[in-house]
Amino acid sequence: MDARSIIASLTDRFPEDIYDADVESDIRTVAKVKPENVVDVCRYLKDELSFGHLCCEFGIDYPDRNEIEVVYTIGSYEHPVVLNMKAVLPRDDPQIRSVVPVYWNANWYERETYELFGVEYIDHPNLKQLVLPEDMLGEWPLRKDYKGYPNKTAKNLV
Amino acid sequence: MVIKNIITAIKNIYFGPPVTRKCPEMATRLSDRFRGLQKLDKHKCIGCGICANTCPNNAIKIVRSRVAPDKDKQRWFPSIDIGHCLFCGLCIDQCPKEALSNTKVYLTGIIRWNHEDLLFTPDMLAREVDINAEEEAGEEVSRWTPQ
Amino acid sequence: MDEVEEREKVEPKIFDKIGYDDIPGVVMTDTSAVSDFLKKTKVQNVLNWGRKNSLWFMVNAMGCCGVELLATGMAHYDTDRFGIIPRNSPRHADVLIISGYVTKKYLPALKRIWDQMPAPKWVICFGDCAISGGPFYESYSTHQNIDEVFPVDVFVPGCPPRCEALIQAFVELQKKIEAKKDKGTDY
Amino acid sequence: MQLDEIIFNPLLRSILGLVLMGVIFLGAMVAIWFERKLSADIQQRYGPMRAGPHGVLQLVADAIKLFTKEDIIPRDADRLLFVSAPIVLMASVFLMLVAIPFGAIIINGETYPIAATDMDISILYIQAVSAISLIGIFMVAYSANNKFSVLGAFRNFARMIGYEVPLGICIVSVAIMAGSLNVIEIVKAQDPLWFIIKQPLGFFVFFIAMMADMGRLPFDQNESEEELVAGWITEYTSMRFGLGFFAEYIHMILGSMLIVLLFLGGWNLPAALTANTILGIILPTAFFMGKVALVILFIILIRWAVPRYRIDQVVDLSWKKLLPLSFLNLIWVVVLVLLGV
Amino acid sequence: MEEKIPPSEMIVHLGPQHPMMPGPFRLNARLKGESIVDSEIDMGWIHKGIEKILENKTYLQGITIVDRICYLAAITNEEAYVGCVEKLAGIEVPERAQYIRVITEELSRIQSHLLGMGEYASFLGFVSMFMFTIRDREDVMTLIDSITGARVTHNFLRFGGVKDDLPEGFAQDAKYVFENLRKDIDSYEELYSTDDIYRGRTVGIGVLTPEIAKDLGVSGPPLRATGVDFDIRKDEPYLVYEDIDFNVCTQKEGDVYARIQVRLDEMRESMYIIEQCLDQIPSGPLFPEGTPYGKRSPVMRVPAGEVFHRVEDPRGEMGFYMVSDGSERPYRVKIRGPVYPTLQALPPLLKGVSVADIVSIAGSMDTCTSEVDR
């Protein structure tokens, strides 16, 4: 299964939800997905196109465009193609359906994205902080306008 | 069976001499490329500040210092906070005049009892002040010591 | 045989007469008069000799330096030569080696480990992260300036320092104890 | 006879007991030093080198440090039990010490064992008092308010209960063969032929059960360091930890002595060797201690050469393998005795 | 785990400081007797915020930071990062530099596996084995040291090449070390396969089936131990792995024993790869000629774009997703560590096993907490 046929199949199946689909190289493809339907798309990817391996899931903050992108990097155990699927969310109230029912290992990725970017995942089984202490929740440190960085408290002798 | 393990253990008692490096007394032979405490050549340094800009950890600051211990004239030289230094060698790679270089000082010279002593001024980097470092690796630096 | 019978006779009395806190045969004092006196005499030298030759350290690998910490205990560097052995329980340890980044989340746990260790106890800052935050000194998550929290005796710069440096740090700590300048014991 | 009077004088016996206590402490220290050196040899390193020549004073340094460390009793611990548990452990090994002979003096063909007491049921007594340590460990588990201690102590119970049974049966078969419950009589019964030759299976089972009883490595689940931090001893500081540590090593030495006494012939030597008075005083004890040292060496070797069992595997080993084997050995011994061998 | 638990059960917190692992993490295990009813992992005790730090460093300074993601595989981290930047900037790496990179990466794989394997033995109480493997690891470390000049954090790769050439006489040294290492690995394998206690502790413990392993997102040796030959070096070749002959080591059983066996086999395979590289390595420049890239790197501005680059770490699939906006600092860097899903997969594996098997299973995963927390 090569990159072009995958993109073709995906856009055929979800003409409304998938846009800006592109083939970067033989093994890299990108697509944007409407956030409402991400679970269905993921299920289709996993069941039909054998994209069984969720490499990672993370957020990117674009304050000047006022949006947060959630990127799903999905690979496969059968073919070498990797799909970078993006869902664009508004920055003020980022909400998206959780893909944990499809990809089990998305659990921690979503928890981390939640506490670092403030993306709220609907239907997530256990949405709470993962890596930060509890009192830091709500600061969203990986957003570009985070105030606590750089942290100038270190004793630098020079 | 466990007998095999015991035989291996007994074999090791007789045929396995200790591989321990006798650390504090005998210097370990280091690789030629080992990155220890930096050494400053005050004659070559032009005080351009590229090292300070390159440092990933902001450990270098350009300060005024005497050009030689017996002269009053002052110029700009780097001073390094060893408590911040990553010993990554970027400052040495990027130095346009090759004024900074690696030495093999990594033990007695820089392990200190107080945090404040970890600041290395240009005089100390140029070894004009005794930094209390023995010649740890000495001249005898080899690439490989078969154990 | 006699000992057992004696204890059986005595035990009911303990529960009746004395409070729960007083245990027969165990002298419990609040004063440190004895140790204060000892500190002025030559006995302290003997005690310090014993202490410096048996610095058991806490296995507390926290980062890159943790790997070097593990390697130091092994055959090539062999801290056992100095009587230094790793212990897993803080109750048995004398030296806490801070061997990595102390984050805001981890600092309470580290303090707790420190509190659980019995005095006299010492701290070694092993590596840049412990001394100043190292490459993560600007991070939103780490806690800097550990030497304001713990009474650090020896600073070992390097990122990470080689294993020899840890052994040298122990030697420096021994020197410090011998010179009676360490922070673990009040002189 | 005058010699008899001196030897059976109760005052002298008590003094002898105290001396033996000191000897066993010294022995434990030597054993710990020996273990550290031997493990270092196996692992191709040096071991203690700095405190004294080749680190012989290492244990002195450790003891000084442990004695002068802060003694912490956790706030939520049951103080009385917490403080007295190491004493109970120590008492258990010292009570064992009372009945175990440390060698013998042979004068004019007459054997005088070096032991604090000479009771007729000494092997039964040793078996009984060694179980007291279980009470000590139970006190730790109950009082320390630490879950690792509880887990370690419960593992200890499971293991001890499992291994006391085959151990007891092996002792019974030895007693049947010797016709006595007295350790000294048992040693005498082995005069020409050691019991290891007559009942090798019994020795095998006894050795493994004894190692489990001592808590040496394939069976040290009670303080398996990687899982339970330090097991039942986790909460103890300073010399209370030291006492627990020492008790373990003394138990190891006494256990090795039992192995030598019951199966390896004790201090028995050909009569020709002990005819001379001076040789008779020195040789039997030296021979006995040498064998004990060899057994300890072997136990230490095993400690550093094998991984650790899981606790259910240990219990399985005891009930499913060692117990049937020990019964087999019992039947074998009964047959031998009936045949009059 | 705040809910009320029945009195026959208890919650044990293993960690954050626990001898089980280099690096703190906490395992809250609910025990019934000795067996685990339920468990939960609490992460982030050494979360350092590397992704945020990387956004504020120049590309060159970033190399020093990515070294410290996982301290056991610093070179592969660098390769993932540097490869990412090279893909974005379109830099070609000369062949000699590629070979040197492969050599250092495989050496790093050997030392990582030696540590993981030995540490695993020490979790079972077999401390001497740990000493033996670390003894061999020191030799490999000396080899790495002689190339890069540091033991753990190398800072060796540069954009477009490597910092230094192989030292003189490296081939002989490597030959000498590998000769001994082969013998030692054989003896470890023999010890492992003949020791009854070891087999009792490992065979049939912590079994992963291929389907479950794929579902959990596990990669690296734990996945290959189940029989799935998923290896980035084969599936998506980078550097010169295409020209090199090697096998992907797999086992069928998927239990703890198989994972250790895969590591043993992979070490042999790595040595084979290095020997091929030393035979095939061409002479030539270390940096692309006619470009400003070199040991004294210029201040780089990388064209805007996004790229995902992944390499095979000793522990599995290591990937970097980098977004550049055309300035001299990356806009966003996402690090996909291999241990992250592996550690996440622990609680389902631990259900129903006994306390002693926690260390057995967790140790066989060879997890590196620093990389999970980043």
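Odds and ends about this structure:
- Single residue of region B:72-101 satisfying the filter (within 19 Å of the chain's Cα centre (by Cα) and acidic (Asp, Glu)) that is least open to solvent (accessible area, probe 1.4 Å): B:ASP81
- Qualifying residue in region D:264-272 (condition: crowded, with 21+ Cβ neighbours inside 10 Å and part of a helix (DSSP H, G or I)): no
- Residue tally, condition more than 14 Å from chain A (Cβ to nearest Cβ) and open to solvent by less than 20 Å² (accessible area, probe 1.4 Å), over region E:22-48: 5
- Residue match in region D:285-306 (condition: of a type in the set (A, V, I, L, M), surrounded by 22 or more Cβ atoms within 10 Å (Cβ to Cβ) and modelled with pLDDT under 85): yes
- Being among the acidic types (Asp, Glu), more than 18 Å from D:ILE250 (Cα to Cα) and facing chain C (nearest Cβ under 9 Å) is true of D:ASP71.
- For region C:73-106, the candidate set comprises residues that are at pLDDT below 85 and touching a Cys at 6+ places or on another chain (Cβ under 6 Å); within that set, the residue that is surrounded by the fewest Cβ atoms within 10 Å (Cβ to Cβ) is C:TYR77.
- Sole residue being within 12 Å of chain A (Cβ to nearest Cβ) and of a type in the set (Gly, Ala, Ser), chosen from E:GLY284, E:GLY254, E:GLY319: E:GLY319
- From D:LEU18, D:LEU59, residue being assigned to a helix (DSSP H, G or I) and open to solvent by 20 Å² or more (accessible area, probe 1.4 Å): D:LEU18
- Options A:LEU10, A:LEU83, A:LEU45; residue that is under 25 Å from E:PRO338 (Cα atoms), open to solvent by less than 10 Å² (accessible area, probe 1.4 Å), hydrophobic (A, V, I, L, M, F, W, C) and not in a strand (DSSP E or B): A:LEU45
- Only a single item in (1) open to solvent by 10 Å² or more (accessible area, probe 1.4 Å); (2) more than 27 Å from A:ASP47 (Cβ to Cβ); (3) part of a loop (DSSP other than H, G, I, E, B) is not met by A:TRP104, and it is number (2).
- Residue check for D:LEU254: open to solvent by less than 20 Å² (accessible area, probe 1.4 Å), over 30 Å from D:LEU66 (Cα atoms) and either away from every other protein chain (no Cβ under 14 Å) or in a helix (DSSP H, G or I) (or both): no
- Test for E:LYS234: is it without any contact (Cβ under 8 Å) to a residue 40 or more places away in the chain and basic (Lys, Arg): yes
- Condition check for E:ARG259: over 22 Å from E:GLU79 (Cβ atoms) and either open to solvent by 10 Å² or more (accessible area, probe 1.4 Å) or in contact with a Lys or Arg (Cβ under 8 Å, 6 or more places away or on another chain) (or both): no
- Of the strands (runs of 3 or more DSSP E) contained entirely in region B:26-140, those carrying at least 3 residues that are under 28 Å from E:ILE147 (Cβ atoms) fall at B:38-40, B:100-102.
- Residues that are more than 8 Å from every other protein chain (Cβ to nearest Cβ), of a type outside the set (Gly, Ala, Ser) and closer than 19 Å to A:ILE74 by Cβ, drawn from region E:334-363: E:ILE335, E:PRO338, E:THR342
- Checking B:ILE46, B:ILE6 one by one, the residue that is touching a Phe, Trp or Tyr at 6+ places or on another chain (Cβ under 9 Å), within 13 Å of chain E (Cβ to nearest Cβ) and of a type in the set (A, V, I, L, M) is B:ILE6 and no other.
- Test: residue in region E:147-169 that is more than 8 Å from every other protein chain (Cβ to nearest Cβ) and open to solvent by 20 Å² or more (accessible area, probe 1.4 Å): yes
- Qualifying positions in region C:145-161 - open to solvent by 10 Å² or more (accessible area, probe 1.4 Å) and more than 14 Å from C:LEU173 (Cβ to Cβ): C:ASN145, C:ASP147, C:GLU148, C:VAL149, C:CYS159, C:PRO160
- Residue within region E:211-218 that is more than 14 Å from chain A (Cβ to nearest Cβ), at pLDDT below 85 and not in a helix (DSSP H, G or I) present: no
- Pair list, Cβ < 8 Å and 6+ apart or interchain, from region D:28-45 residues that are within 14 Å of chain E (Cβ to nearest Cβ) and farther than 11 Å from D:GLN58 by Cβ to residues that are part of a loop (DSSP other than H, G, I, E, B) and hydroxyl-bearing (Ser, Thr, Tyr): D:ALA40/D:TYR46; D:GLN44/B:THR20; D:ARG45/B:THR20
- Any helices (runs of 4 or more DSSP H) falling wholly within region D:274-341 and containing at least 1 residues that are of a type outside the set (Ser, Thr, Tyr) and under 20 Å from the mean Cα position of the chain (by Cα): D:277-303, D:311-316
- Test result for E:PRO221, touching a Cys at 6+ places or on another chain (Cβ under 9 Å) and under 27 Å from E:ILE273 (Cα atoms): yes
- Tally, over region E:66-90, of residues that are in a loop (DSSP other than H, G, I, E, B) and either free of Cβ contacts under 8 Å to residues at least 24 places away in the same chain or open to solvent by 10 Å² or more (accessible area, probe 1.4 Å) (or both): 1
- Hey, E:PRO237 open to solvent by 10 Å² or more (accessible area, probe 1.4 Å) and more than 14 Å from chain A (Cβ to nearest Cβ) or not: no
- Qualifying residue in region D:85-92 (condition: more than 26 Å from D:VAL30 (Cα to Cα) and open to solvent by 40 Å² or more (accessible area, probe 1.4 Å)): no
- C:TRP122 under 12 Å from the mean Cα position of the chain (by Cα), open to solvent by 10 Å² or more (accessible area, probe 1.4 Å) and of a type in the set (Phe, Trp, Tyr): no
- Of residues in region A:1-39 being of a type in the set (S, T, N, Q) and in contact with a strand residue (DSSP E or B) (Cβ under 7 Å, 6 or more places away or on another chain), the one nearest to A:GLU78 (Cα to Cα): A:THR29
- Residue check, A:LEU116 hydrophobic (A, V, I, L, M, F, W, C), crowded, with 21+ Cβ neighbours inside 10 Å, part of a loop (DSSP other than H, G, I, E, B) and in contact (Cβ under 8 Å) with a residue 12 or more places away in the chain: no
- Restricting region D:46-56 to residues that are within 9 Å of another protein chain (Cβ to nearest Cβ) and under 21 Å from D:ARG303 (Cβ atoms), the residue that is surrounded by the fewest Cβ atoms within 10 Å (Cβ to Cβ): D:TYR46
The values are calculated or read from the model by the stated rules, or taken from the named source; none is laboratory data. Note that the structure is predicted; figures quoted are calculated from it, not measured. Backbone-built Cβ (ideal geometry, glycine too); neighbour counts: all protein chains shown. The protein model used for the area step is the full one, side chains on, heavy atoms only, and it has no ligands, DNA or RNA in it. Shrake-Rupley method; radii C 1.70, N 1.55, O 1.52, S 1.80 Å.
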